[in-house]
Amino acid sequence: MSIADQLRRIANQDFFDKLIVLPEDGVIGELGEPFDELFNPDVQSRAVRFTERTAESGSQTGDVRWAQRGSNPRPPRCKRGALTN
């Protein structure tokens, strides 16, 4: 067994819960977690709808106001060992 075969075996064990080898060189795989959810058509369609709604609403940072230079002055310095208001 070569390194490529070993890596393929590890990947198959990680991605699939079950692999069924068909008689005529076919394979059917049952995805394991989290891949079963990631490739679930219902989850994918919900993700597309969410992306479309987010795109319609515009940038999520559109209302952020940037501080003007000098608008955030440094706090007053205190004497060594003493706190001042």
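Expressed as cubic angstrom per residue, what is the convex hull volume of the alpha carbon set of region 1-42?
Cα convex hull per residue, to the nearest whole number: 87 Å³.
Please find the FRET efficiency linking Asp42 to Arg9, where r is the Cβ-Cβ separation and R0 is fixed at 25 Å, and quote it to the nearest 0.05.
Efficiency for this residue pair is about 0.25.
We did not get these values from a lab; they are worked out from the coordinates using the rules stated. The shown structure was predicted, so the numbers you read here are calculated from the model rather than taken from an experiment. Heads up, the Cβs are rebuilt from the backbone with ideal geometry, glycines too, and the neighbour counts pull from every protein chain shown.
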